[in-house]
Amino acid sequence: MTTQSIPADLYKAYLHTTYQVYRPSIAIKIGNTHPQLDALLATHDAVNWAFLTAYNPYSQVLPATENEQRNKALEALLAPYPYYAGAGMGEDPSWTPEASFRVLGIDCATAHQLGKQFGQNAIVAGIKGERAELIITL
């Protein structure tokens, strides 16, 4: 999928978002490698990971209670994987951080499908030792 699938300003916002995991504290940035994340993957004998949320489908702001319900539904589907709570925190102070999950051992195709299922324009995913990637799901 090309970057033409979403507006350029939104794509840029995704690229500059910090995908923060709380425990262990790891700030994921698109285009960077993350040795701490690689070490965590090794402890779980995993090579793939993804950062997923069900908040604000197609970047349309929903009420907090609806976003929380959507994330609970996503979390139920993550039960087979080790996962950790986090939040996507954009540079725009008017955009509320979105509760998210960093999921270990999930392949890109499954993560892509979950992003699409929950109406996300994109997900963040990676492979141990490689750079974090923004993957358009539209």
So the angle from the long Cα axis of helix 64-77 to the longest Cα principal axis of the chain, reported in degrees to the nearest 10, equals 30 degrees
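As an exercise, use a Förster radius of 25 Å and the Cβ-Cβ distance of residue 47 and residue 10 to find the FRET efficiency, rounded to the nearest 0.05. Before the final figure, lay out the partial values.
Details: r = 30 Å, r/R0 = 1.18.
Here the calculated transfer efficiency is 0.25.
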If each K or R counts +1 and each D or E counts -1, the residues other than residue 104 whose Cβ falls under 15 Å of its Cβ total -2
Per the helix-only model, the chain has a calculated mean residue ellipticity at 222 nm (DSSP H runs of ≥4, -39500 (n - 2.57) each, divided over all residues, rounded to the nearest 500) of -9000 deg cm²/dmol
Connecting every pair of Cα atoms under 10 Å apart in the chain and solving the GNM, the largest mean-square fluctuation among 19, 58, 83 falls on 58
Here region 28-42 yields Karplus 3J(HN,Hα) values (6.51, -1.76, 1.60; θ = phi - 60°; whole Hz; Gly and Pro given as x) of 8, 10, 4, x, 9, 8, 9, x, 4, 5, 4, 5, 5, 4, 4
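Stretched out fully, how many nm does the piece from residue 89 to residue 22 gain, at 0.36 nm a residue minus the Cα gap? Please report the intermediate quantities before stating the final value.
On the way: separation 67, 0.36 × 67 = 24.12 nm, distance 1.22 nm.
So the extension gain works out to 22.9 nm.
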Which of 37, 52, 15 fluctuates most in a GNM of the chain (C-alpha springs under 10 Å)? That residue is 15
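I'd like the projected area of the chain, averaged over all directions, using the convex hull of its alpha carbons. Report it in nm² with one decimal. Intermediate values should be presented prior to the final figure.
On the way: hull surface 30.0 nm².
In nm², the orientation-averaged hull projection of the chain is 7.5.
P(r) tail for region 90-138, what percent of Cα pairs lie past 13 Å?
Working: 733 of 1176 pairs.
In whole percent, the long-distance tail amounts to 62.
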Check: C-alpha center region 87-119 vs C-alpha center region 1-60, spacing in Å is 7 Å
Here the FRET efficiency for residue 66 versus residue 38, based on Cβ atoms and R0 = 30 Å and rounded to 0.05, is 0.30
Rounded to the nearest 10, the angle in degrees between the Cα long axis of helix 108-117 and the longest principal axis of the Cα atoms of the chain comes to 30 degrees
Counting only residues 5 or more apart in sequence or on a different chain, those whose built amide H sits under 5 Å from that of residue 26 are 21
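Around residue 49, what is the net charge, scoring Lys/Arg as +1 and Asp/Glu as -1 over all other residues with Cβ under 13 Å from its Cβ?
On the way: positive: 102, 128, 131; negative: 38, 45, 107, 130, 133.
Within the 13 Å Cβ shell, the charges total -2.
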With +1 at each Lys and Arg Cβ and -1 at each Asp and Glu Cβ, the charge dipole magnitude of region 3-136 around its Cα centre, to the nearest 20 debye, comes out at 80 debye
In the neighbourhood of residue 62 defined by beta carbon distances under 12 Å, the net charge of the other residues (Lys, Arg +1; Asp, Glu -1) is -2
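Bear in mind these aren't lab numbers, they're just calculated from the coordinates by the rules spelled out. The shown structure was predicted, so the numbers you read here are calculated from the model rather than taken from an experiment. All Cβ positions, glycine included, derive from the backbone under ideal geometry; neighbour counts span all protein chains shown.
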